[in-house]
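Contents: one structure, followed by commentary.
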Amino acid sequence: MPDPTTAADPSARAPRRDAARLARAARAARYDAMFAPWTLAAAGLLASFAFLFQPSLPLKAALFAVFLGVALSSGKKVSLPATFFVSLGIVAANLLVPVGKVLWRAGPLVVTETALLEGLDKAVTFEGLIYISKASIRPGLRIPGRFGSIVARAFVYYDRIIEYRGRLKPATLFADADALMLAVWDAPETPFVGAPESRPKRGPAGCVAAFALVAIAYAALAAGLLWRLP
Amino acid sequence: MTRSTPAPTESAAAPRQAAAPQGSPRARGRPDRADVTALLGAFCFFLSAIEYMIPKPLPFMRLGIANLPILLAADLLPLPWFLVLALVKVVGMSVISGSLFSYIALFSLAGTLVAALVMWGAKRAGGRRIGAVGVSVLGAVASNAVQILLAEVVVFGQAARLIAPVFLGMGLVTGALLGLFAERFAETSKWYARAAGRPDA
């Protein structure tokens, strides 16, 4: 139920939003202090395979809850209403084509068992992979090699675009866009290749936690596969 | 955008150096393709961030404005660098949004690569007979079509066909608008002329 005071005065919600943002930033700082970006990325990649091929819907839903919790603790922005409505859309779309036993009818809408289970499975998979990615891909992740150096350079230019102080007005859009490109391109060079990265020392807790998550995902996969056996 | 741009040559480098402000990296040397690729990749990230703020019914249903730098690159970069730009866009955007291991990255990869290849093929096959609007519309519709196919396989099932007309229609409209912008920008932009190695910069 909405708080009548904040509903009447939208500005009253601002301190709450600020507090939430600060809390998220603190969680992100703790998370980044615990996990190295590559450890997380490797764990995320491994876990995503186990999750994707999980045949049991209840186990997949349980893993989804685990990954949602990890994504929340990582300080990434998580919108539960968006997750709910996207999932609802996926399930509804799958129900449009009736497959399997009829569970119930409501006018022209026929809810069938196979279509419902497939829709739920696809929705959980879709959203679960998003939360695995949110938890395991950090902005500090550096991709190695020549390709990685181009991506890193693109991020340097991206920062310049964000910091650009000029304006893009509709009347002079093309000239303004051109000025932006020239300003970003001709800005003084900043080191982007081979620059010594600050590598904070992290204890073994991050590696242990990442390994535990991957182990849970694969244990669930094994259980799911055994579950299907006669 | 209808003209084909000559590959940068040593003779073209001199005017470009003269046009660049003194002390800038471009004044010190000829811009290499990695540099142009990185800058266009950065604009893909920026436009993607803008697109992220536009409400959409599903996370992967995008207008495609982040493909604008790829459209511009069709005249600036050879095919290998052009494909590198497409990959930089997908990987960078996935890292920024934290969706690298999700279906969203898969949709983005498929849509971007198909759009890039179709735009490149249309540009090379059509030559002067096809403008930026045509190239852009073909790329946008191809990108949306492949995303609908993927949506049918991994998310929606046959119901994906129900959203196909709207999604393809969106591709037509945004593709045409992006093509118009790219054509005008390529004609008037000093940066574009410098990146293409044209002496009138």
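The values are calculated or read from the model by the stated rules, or taken from the named source; none is laboratory data. Since we're looking at a predicted model, the values are computed, not measured. Note: ideal-geometry Cβ built from the backbone for every residue, glycine included; neighbour counts use all protein chains shown.
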**Message:** Let me confirm something: among A:Ile216, A:Ile161, which residue is away from chain B (no Cβ under 14 Å), in contact with a Leu (Cβ under 8 Å, 6 or more places away or on another chain) and either modelled with pLDDT of 90 or more or more than 30 Å from A:Leu57 (Cα to Cα) (or both)?
**Reply:** A:Ile216
**Prompt:** Quick check: anything in the range A:78-86 at pLDDT below 90 and closer than 13 Å to A:Ala135 by Cα?
**Reply:** yes
**Prompt:** Quick one: is A:Leu96 over 18 Å from the mean Cα position of the chain (by Cα) and farther than 25 Å from A:Gly224 by Cα?
**Reply:** yes
**Message:** Suppose the filter is surrounded by fewer than 22 Cβ atoms within 10 Å (Cβ to Cβ) and over 28 Å from A:Leu116 (Cβ atoms); does B:Leu117 pass it?
**Reply:** yes
**Message:** Are there helices (runs of 4 or more DSSP H) fully within the range B:72-170 with at least 2 residues that are touching a residue at least 60 places away in the same chain (Cβ under 8 Å) and farther than 27 Å from A:Leu45 by Cα? List them.
**Reply:** B:132-151
